[in-house]
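The values are calculated or read from the model by the stated rules, or taken from the named source; none is laboratory data. None of these values were measured; they are calculated from a predicted model. Methodologically, a virtual Cβ is constructed for each residue, glycine included, from the backbone with ideal geometry; neighbour enumeration extends over all protein chains shown. Accessible surface areas use protein heavy atoms only, side chains included; no ligands, DNA or RNA. Shrake-Rupley method; radii C 1.70, N 1.55, O 1.52, S 1.80 Å.
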Amino acid sequence: MKSFLSAASACLLAFVLSACSNQPHSSTTTSPAGAAPMQPKIIAYYMGDGSDLQRYNFNQLTHIIYSFLHLNGNQLSFDSATDKQALQRLVALKKQYPHLKVMLSLGGWGGCETCSDIFNNADNRKAFAQSTLAIIKEYQTDGIDLDWEYPTIAGFPGHKFAAYDRANFTALVQELRAAFGKRYELSFAAGGFDEYLQTAVDWTAIMPLLDNVNLMTYDIVNGGTPHTGHHTALYSTPQQKDSTDNAVQFLLRAGVAPEKIIIGTAFYARVWEQVAATNNGLYQPGVHTDGADYKDFPTRFKSADGYMYYWDDIAKAPSFYSASKKTFATFDDKRSLAEKARYVQQHKLGGMMFWQLPHDTDQDGLLDSIYKNLTNKVK
């Protein structure tokens, strides 16, 4: 495919790659001096104003990703003063939790409307990288996570995508790594479904330059899906190929280093109505309605409303179904997260991430489960 790198960018990239050629790029080589490496990674996305930070135990996290910043022309930009204040509050946590990495995030679902056009230009990519570096330095953050949903394939309805996005995404990663050198972290959020994995990005070209890929192995069935399923299944089933394992095995076959693979988990449910009772609502036609935060499960899915809990031992995934309401819900819980933690350890993966921190309970929540299972603190 045609390269979209400018000659200057290519030369600078060659310099950076030459400097890194004797040592694989990793979090231990890109972290700011003095930061102690922590494994496995436990990464939280956070969308909030920073006023609720006392709720959380940041000793259980290695990274928190502030979501989201967006493009203003070819510059990375905050949407409001509130966003700046929220990021400042997150960075202030580093005084109490010096191990914690605070990352920026570009985009999100519906947040990358102009990405295809803007990044289809070498000067724009360079300007974006420089504006990102300026914000990182000004706010003393640790890097950026690219959440372009999606290059090359259809994402948010109406947002432009094109075949050249694939090469442009590679060029964008190259430009950012050239700007960052070894000092700052660079990751991206990747779709966990086959079309994205097979088409959207050039894994061989980008992964040597990235600290990790955050696999969005959730929303595999979603608001646009006219039937139920497991939205964050660990394993594939005869009825549903897309799963965490399906995505991870694709990346391993593609030569991605296992320690750079971060699997995604969901701190929320997806809900369908008008679902027949066949198979307790699983893999049945229905109408997607909304989501539900994990902290709201006890009031949202009450046994008094007919909800019963089911466990799929093939997918290693739970669900709720109410025959009286004809309503189905798919989600992660402590049981499924324990299975995913074992999977991470079995395959020597980099860790786990989740969307998003404010959805959790204040005590004994899903983050507790991830931390205890990944760090072997569960007997």
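Radius of gyration over Kirkwood radius for the range 304-349, both on Cα atoms: the Rg/Rh ratio is 1.14. Based on the convex hull around the alpha carbon atoms, the range 168-292 presents an average projected area of 8.8 nm². Principal axis analysis of the Cα atoms in the range 83-127 yields extents of 41, 22, 16 Å, listed in decreasing size.
Estimated at 0.36 nm per residue, the fully extended path between residue 80 and residue 121 surpasses their Cα-Cα distance by 12.1 nm.
Using Cα atoms only, what is the angle between the long axis of helix 165-180 and the major principal axis of the chain, expressed in degrees (0 to 90) to the nearest 10? Approximately 60 degrees, to the nearest 10.
Taking the alpha-carbon centroid of each part, what is the distance from the range 252-305 to the range 87-135 in angstrom? Taking the Cα centre of each part, the range 252-305 and the range 87-135 sit 29 Å apart.
The Cβ shell under 14 Å around residue 293 holds other residues with a net charge of -3, Lys and Arg each +1, Asp and Glu each -1.
Under a model in which nothing but the beta-carbon of Lys, Arg (+1) and Asp, Glu (-1) is charged, the chain shows a dipole of about 920 debye around its Cα centre. One quarter of the surface of the convex hull around the alpha-carbon atoms of the range 37-82 equals 4.5 nm², the direction-averaged projected area. Both numbers refer to the Cα atoms of the chain; Rg and Dmax are 20.4, 66 Å. Each of 309, 61, 357 was placed along the dipole of the chain (beta-carbon charges, centred on the mean Cα), and the one lying farthest toward the positive end is 61. Of all DSSP-defined beta bridges confined to the chain, some 40% are antiparallel rather than parallel.
Compare the Cα positions of 155, 128, 141 along the charge dipole of the range 123-178 (+1 at Cβ of Lys, Arg; -1 at Cβ of Asp, Glu; about the Cα centre) and return the one farthest towards the positive end. Towards the positive end, the residue furthest out is 128. Across the accessible surface of the chain, with the other protein chains kept in place and a 1.4 Å probe, carbon and sulfur atoms take up 51 percent. Proximity of backbone amide H atoms, modeled 1.01 Å from N, is registered between residue 218 and 192 at under 5 Å, excluding neighbours fewer than 5 places apart on the same chain. The residues of the chain expose on average 41 square angstrom of accessible surface per residue, using a 1.4 Å probe on protein heavy atoms. Working value for the range 63-165: equivalent-ellipsoid semi-axes of 26, 14, 12 Å, each the square root of 5 times a Cα gyration tensor eigenvalue, largest first. Mind jotting down a quarter of the surface of the convex hull over the alpha carbons of the range 241-324, in square nanometres, one decimal? Taking a quarter of the hull surface, the average projection is 6.9 nm². Against the compact-protein benchmark of 2.2 N^0.38 Å, the Cα-based radius of gyration of the range 243-379 scales to 1.12.
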